[in-house]
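Structure first, commentary second.
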Amino acid sequence: MDYASLSANLLFVSFIAYLAGTFFFGGAVKSSKTEKSYKDSMWGKIGIVITIIGFVSQLGYFITRWMASGHAPVSNMFEFTTAFSMMLVGAFILIFFIYKTPSLGLFALPIAIVIIAYASMFPREITPLIPALKSYWLTVHVITAAIGESILAISAVAGLIFLAKNIDLTKKSKERFWLEAVMFTIVLVLGFVVSSTAFSLSGYEADFNYIDKNEQPAKITYNYPPLFGMHDYEQVTTDTMKPWFEMPSIVNAKTLTTFVWSVASGIVLYLLLRLIFRRPIAALLQPFAKKANSQLMDEIGYRSVLIGFPVFTLGALIFAMIWAQEAWSRFWGWDPKEVWALITWLFYAAFLHLRLSQGWEGKKSAWLAVAGFVIIMFNLIAVNLIIAGLHSYA
Amino acid sequence: MSKIKCQCGHENPFGTVLCEKCGRPLTEEAKDSSMVDMRYEGSARRSQTYKKSIIDKIWNFFSSVKIGVSIIIAVLSTSALGTILPQKFYVPVNGNDPNAYLDYYERLYGTFGKIYYHLGLYDMYNSWWFKILIGMLGTSIIIASLDRVIPLYKSLKKQRTKRHPSFMKRQRIYGEEPVVNPDESLVNAEKALKDMHYNVKTEDGAILAEKNRFGRWGPYVNHTGLIIFLLGVLMRGLPGFYVDETMWIREGETREIPGAPGYLLENVAFTVETYDKESADAVFGEALDKNGAIVSNFQSDVKLYKEKENSLPGSEDVEFIKEYPIVVNKPLKFDGYSIFQMDYKTGELSKMKFALLNKETQKSLGEFTVDLNEPAKKYDLGSGSSIQLMEYYADYDGIVDGEPVSKSPVPNNPAFIFNMITPEHPEGEKSFVAIQQTLEVEPNDYEVKFQSVESRNASGLTIRKDKTLYILLLGGIVFMIGVIQGSYWQHRRIWIQKGEGSEMMVAAHTNKNWYSLKKDIDKVKETAALPAYTDKQDKDTAADTMEGETV
Ligand code: HEM
């Protein structure tokens, strides 16, 4: 087997391991009455062993893909997002060994699974590097930034558990609404995965010619039935549907189409879940969060920001500046990607100050941790896909 | 202002809340509360003490963390606004014509683009108000830190081991209870605490166990790093600290390097390479099939020269320094300067070859080549024939008012007026020659016929010199040291004291991670009899214990 296919298989193994790990952590939480007893439960021990196996296997994916391509596998959406999920699991394992709490695994692993599934929807072939990406500093920068983000993400997981436990879901409230909104967002990501997989299995393709932003002719292929047409489009494939609307040249109608399909399938999926269980998703999770210790979750949330913030600063700002200086001759250029890294950083700085001197602990702190994760994901998804950066010559 | 004398005899600075030495509450407010604010040890902070003059007010404004966080949030949210549409810097508009920018934003983004432009958001990171925000952030960091670090340092230094019971009682974590053998407990506790790497001091039936005090200085160190960084950014305004120039240089040309006086650069060749399927690794095959050509390299091979000392500026007397292939991510570096590969143009016309023909016989009287950047006035073809170049239009753009005009000095569309001197026409015949067309004033016997063209590439380079980089890097390093110091080490203190009779008191304080602090106390309790304690701020542990005991 060559490295490339070995790598793909290892990733698959880790995916399965995380599924199994979730199941065992669920067992650990369910089978024991208290945090103290489930700490030592057999289920929890098996859970962490399987998680470590999955992590090692994913590390194997990372290394073999690196060997196959000759560069660190963090150069496109699929690779970066997969690496992020790996580090998320790594960060979980680290925190698990400090605090020994299976509740965290029960929530962290499914998030890692969703992220891997999301990543797999992007083109997976190994691409060669364009000149701007050929830099040792880029590798160091991206990997460190991803490690930082994944540790920060753990605080959001702890925050979610805290909220799922402490928010009264029997009464209507703003908190209940927003918690369910977070769950809904996760279901939307699943909607994207489901619809994207369905259309790609069916081999759907619709080709168009159009006129791009710089008034040049261009070509594009949709993998979803085209709801929105590109600027001045001309249909090449004839047996596919005709777009409902034509978009102006600044809108990428293909991305918009994918987005609308994902949201639509997400909504359908969400409604189905609500119909089947007849309860908000947050209420389904609450029993699993109930046994977690609030103080402990609060502390994990804070601790992971404390551990992650310096790593994030180093990777996403300092190494990024060094690389930008080498590649583009300026360490800072107010490019959207850079600005959003700065925003993330300032946000966590605000978090730390609020917590330290305004005493924002408990729920407030948990909400901030969840909001931080939303910013990180926004940076990863929206800034890459929607707000086009300058990385063009690059 | 007068000093405050505590009952223990210590003289505290005006404004002190808790005696620096024994911890007795000194203000009425502190005496009345069940828990005191220990964040800065109840020390006398300027912002809490002086509130009258205008300077006090400014100081107090900037030293408030609420204000500090508000400034951070303001920077964060305005920064986000600037990412909605591309900034001026990234917009493909030439020159600095404001209307061209307005047109661009309006054409692509409609009314929203127009508003965005008029609000100045298209160049917001350079706007005065954004700079003021950053200035306020810096001021706030400096003032807030000074306000706290000095009094904090003093009181941590002066603290004594044995504290007054009124201090102990007002700690967040506190417990008192009679125990069987207080002295034995103290001995056991001391040992247990030492085993956990606490720094233990004893005084007259009292223990102070302290750990990681140096973590307390982390925030101040990291704030210093931030200030060094901001100062570095300010310094690029000073002359000589910062050079930022661009140059276009064609293959074969040698030019002075703008911003680097005395240095010359020769562009030997510019190349663009792409991955090709045969030679690239088989693993890339799929990607290349899907995406088409992918560029693998942009490269300018250059030679660097320096004018000799004492030579006149612009003289030919130069000394070769080095040869270097500039590629993206690998700038040419010399004498503090860096030259970066930023842009390129391929296929710029450089030379055109013509032949002089007899129209009737199509017999050639010879060929000549015009260098489009430095055309000669005259081309001698021998045997009495020659060509005079009367006029040259590098970028011919039609005829305006009966005269041909050139749009730019770049040879995009060259046109010529030649005077053809032949043995038959010693005075010459005039002919206007442009790509695809020839015009004659009156019918000629001879014509200049286009034969071939040579083109060449040009490199777009950026020249930078930035003396502030080391300051910025220093700021970054100091920030990292501080942030690690403050985040990975938490300052913890545990006080244990004998009270009246067999009473024992335990109190504890940390600046963060109370959960771990309590774990430490519980660990001590495994070997030493200590009173049960409560955490006055922990509302749900009680509830948690009901559902299942805590760890
Ligand atoms: C980008 C800007 C800033 C960054 C990155 C930053 C970073 C930090 C960090 C990491 C801490 C330690 C927090 C913790 O350990 O939980 C801290 C503490 C602190 N910061 Fe900042 N800070 C910034 C701006 C400010 C501003 C504008 C103020 C003004 C009020 C301020 C005042 C403080 C104070 C008072 C502390 C607590 C110090 C202590 O506990 O001894 N910071 N800062």
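A short reminder: the numbers here are calculations on the coordinates, not readings from a lab. From a predicted model like this one, the values you see are computed outputs, not experimental measurements. Using ideal geometry, Cβ is built from the backbone for each residue, glycine included, and neighbour counts are taken over all protein chains shown.
Sorted on the mean count of surrounding Cβ atoms within 10 Å across their residues, most packed first, peptides B:62-69, A:290-297 read A:290-297, B:62-69. Evaluate the distance, in nm, between pseudo-label points positioned 7 Å from the Cα of residue A:177 and of residue A:93 along their respective Cα→Cβ axes. Taking the two extended label points, one gets 4.2 nm.
Across region B:23-144, how large is the tail of the calculated P(r) beyond 20 Å, expressed as a percent of all Cα pairs? Of all Cα-Cα distances in region B:23-144, 61 percent exceed 20 Å. With a simple spin-label model that places each label point 7 Å from the Cα along the Cα-to-Cβ direction, the separation between residue B:412 and residue A:5 comes to 5.3 nm.
A cut-off under 11 angstrom between Cβ atoms defines the neighbours of residue B:271, and their net charge, with Lys, Arg +1 and Asp, Glu -1, is -3. Approximating the spin labels as points 7 Å out from Cα along Cα→Cβ, the residue B:532-to-residue B:50 distance works out to 5.0 nm.
Calculation over all alpha carbon pairs of chain B in 10 angstrom steps from 0 returns a P(r) of 3, 11, 14, 15, 13, 11, 10, 8, 5, 4, 3, 2, 0, 0 percent. With contacts taken as Cα pairs under 8 Å and at least 6 residues apart, region A:195-285 reaches a relative contact order of 23 percent.
Of the GluC sites (Glu not before Pro) found in region B:346-430, those in coil by DSSP whose Cβ has at most 12 other Cβ atoms within 10 Å are B:360, B:424, B:427. Of the residues B:172, A:303, B:236, the one with the fewest other Cβ atoms within 10 Å heads the list, and the complete ranking is B:236, B:172, A:303. Computed from the C-beta positions of residue B:107 and residue B:242, the FRET efficiency with R₀ = 41 Å rounds to 0.75.
Here residue B:435 and residue A:216 are evaluated by their C-beta separation; at R0 = 35 Å the FRET efficiency comes out at 0.90. The residue list B:452, B:44, B:400 was ranked by how far each Cα lies along the charge dipole of the protein assembly as shown toward its positive end, using unit charges on Cβ atoms, and B:44 comes out on top.
R0 = 51 Å: FRET efficiency of residue A:279 with residue B:320, Cβ-based, nearest 0.05? It comes out at approximately 0.05.
Looking at region A:125-196, the trypsin sites (Lys or Arg not before Pro) that sit in a DSSP loop and have at most 12 other Cβ atoms within 10 Å of their own Cβ are A:171, A:172. Where Lys and Arg each count +1 and Asp and Glu each count -1, what net charge lies around residue B:298 among other residues with Cβ under 10 Å from its Cβ? Net charge around residue B:298: -2. Legend: mean number of C-beta atoms from other chains within 10 angstrom of residue C-beta atoms, peptide B:518-527, equals 0.
As a proxy for reagent exposure, ranking B:488, A:222 by other Cβ atoms within 10 Å from fewest up yields B:488, A:222.
Calculated mean residue ellipticity, 222 nm, chain A: -24000 deg cm²/dmol, from DSSP H runs (n ≥ 4) at -39500 (n - 2.57) each, averaged per residue and rounded to 500.
Among B:238-247, A:45-54, A:261-270, the peptide with the highest mean count of other Cβ atoms within 10 Å heads the list, and the full ranking is A:45-54, A:261-270, B:238-247. Residue by residue along B:462-468, Cβ atoms of other protein chains within 10 Å of the local Cβ number 2 on average. For residue B:180 and residue B:158, the difference between the fully extended length at 0.36 nm per residue and the C-alpha to C-alpha distance is 4.6 nm. Once Rg and the Kirkwood radius are both taken over the C-alpha atoms of chain A, their ratio Rg/Rh works out to 0.97. When B:221, B:272 are arranged by Cβ crowding within 10 Å, least crowded first, meaning fewest neighbours, the order is B:272, B:221.
Overall, the ratio between the Cα radius of gyration of the protein assembly as shown and 2.2 N^0.38 Å, rounded to two decimals, is 1.21. Could you tell me the number of lysine pairs in region B:347-455 with C-alpha atoms less than 16 Å from each other, where the two lysines are 8 or more residues apart or belong to different chains? Number of lysine pairs found: 12. Peptide A:343-354 is shielded by partner chain Cβ atoms: per residue, an average of 5 of them sit within 10 Å of its Cβ. Positive-end ranking of A:112, A:226, B:304 along the dipole of the protein assembly as shown, with charges on Cβ about the Cα centre, is headed by A:112. Ellipticity at 222 nm from helices only: DSSP H runs of n ≥ 4 in chain B, each -39500 (n - 2.57), divided by the residue count, give -10000 deg cm²/dmol.
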